[in-house]
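Q: Dumping the structure here so I can ask a few things about it.
The values are calculated or read from the model by the stated rules, or taken from the named source; none is laboratory data. Remember, it's a predicted structure, so these values are computed and weren't measured experimentally. In this analysis, Cβ positions are derived from the backbone assuming ideal geometry, glycine residues included, and neighbour counts consider all displayed protein chains.
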Amino acid sequence: MNEYHKIQSVFKRDDKTHKFIEGQWSLPEFELLKDITWAWTEKIDGTNIRVIWDGAEVTFKGKTQKADIPRHLLDSLTDLFDPVFMYKVLGVPSEPICLYGEGYGYKIQKGGNYIPDHTNFILFDIKIGRWWLERENIEGIAKALNIDIVPIIGYGSLDSAIKCCQRGFKSTIAANKDYDAEGLVLKPKYDLFNRKGDRIITKVKHKDFN
C-alpha cells in the first residue's frame, strides 16, 4: 500500500538556518488558497504507521517500506488491530484499506509527554484504493474500531493557523498538560488537488518560529 505523501511546509526555508522565510509560500497553491477555510488538526510527534486491511490479514508498515517499527509499538498495534475484529467492522473490502496514523507514546520521540507508560496509535487519514475518505467517514471508522483520531483544533485561514502556531498551544491529547503541541497539519475543509493530482496539504510547527 502506498507510503503517505510528503507534507510540504507552508513557507520556504532559509538555506543556512532552515528557518521559515515568512511570506514566501512554498507552493503557489498555498498563496492562492490562503483565505479559504482550512481544517487544522494537531500534529503528533510520533512515528508514521500504516495499518493495511485486505479482508483477511492486517499488515503493519512504517513510513517507508524499509522502516522498522519498534517492538513495543508493534506489540501494541497487534493488540489493537485484531484480525477477527477488523473483519467484523470492515468486512472484505473491494480494495485494501490503509489506515494512516502515528505510533506515539512511551520511548517514541518525546512521546512520554503524551503517554508515559505505553504506546498507542492515533489515526489521521484513510485511503481505500485511490480514494481519500472525508473526515466524517474517518471519524466513523475510528469510532467503530475504538481507536483514537487526531483532534481538530479549529477551522480558518492559513494566516490564522500560522499565528496559532507562532503563539504556540498546549497539546490536547498529552497526559502532561503543560506539553506544547508540535504544531498543526492543515487541509482545505474539502479535499483539493493540484493539476498533477497531488493533494493540497501543509504543516506548521511551533519550533519553525523560534
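Q: Taking the conditions exactly as written (aromatic (Phe, Trp, Tyr) and closer than 26 Å to Leu186 by Cα), does Trp132 satisfy them or not?
A: Numbers: aromatic (Phe, Trp, Tyr): yes; closer than 26 Å to Leu186 by Cα: yes.
Criteria met by Trp132.
Q: Sort through Glu182, Glu102 and tell me the only one that's out of contact with any Pro (no Cβ under 7 Å at 6 or more places or on another chain), outside the structural domain of Ile21 (by TED's automatic domain parsing) and among the charged types (D, E, K, R).
A: Working: Glu182 fails: outside the structural domain of Ile21 (by TED's automatic domain parsing).
None of the other options fit; the residue is Glu102.
Q: Also, quick follow-up: Can you tell me how many residues within region 116-144 are surrounded by fewer than 20 Cβ atoms within 10 Å (Cβ to Cβ), among the aliphatic types (A, V, I, L, M) and touching a residue at least 40 places away in the same chain (Cβ under 8 Å)?
A: 2
Q: Ok, one more. Might you check whether a residue that is among the basic types (Lys, Arg), modelled with pLDDT under 95 and over 18 Å from the mean Cα position of the chain (by Cα) occurs anywhere in region 40-63?
A: So the first thing to find is which residues in region 40-63 are among the basic types (Lys, Arg), and the list is 43, 50, 61, 63.
Those left that are additionally modelled with pLDDT under 95: 63.
Next cut, over 18 Å from the mean Cα position of the chain (by Cα) only: none.
There is no residue in region 40-63 that is among the basic types (Lys, Arg), modelled with pLDDT under 95 and over 18 Å from the mean Cα position of the chain (by Cα).
Q: Looking at Ala181, Ala175, which one is closer than 18 Å to Ser9 by Cβ and of a type in the set (A, V, I, L, M)? Walk me through how you get there before you give the answer.
A: Details: Ala175 fails: closer than 18 Å to Ser9 by Cβ.
The conditions single out Ala181.
Q: Go through region 155-210 and give me each residue that's without any contact (Cβ under 8 Å) to a residue 60 or more places away in the chain, more than 25 Å from Arg130 (Cα to Cα) and assigned to a loop (DSSP other than H, G, I, E, B). So that I can check it myself, show each step before the final result.
A: If we filter region 155-210 for residues that are without any contact (Cβ under 8 Å) to a residue 60 or more places away in the chain, which is where we start, we get 160, 163, 165-170, 177-178, 180, 190-191, 193, 195-197, 206-207, 210.
With the extra rule that they be more than 25 Å from Arg130 (Cα to Cα), the set shrinks to 160, 163, 165-170, 177-178, 180, 206-207, 210.
Hits for region 155-210 are Gly168, Phe169, Lys177, Asp178, Asn210.
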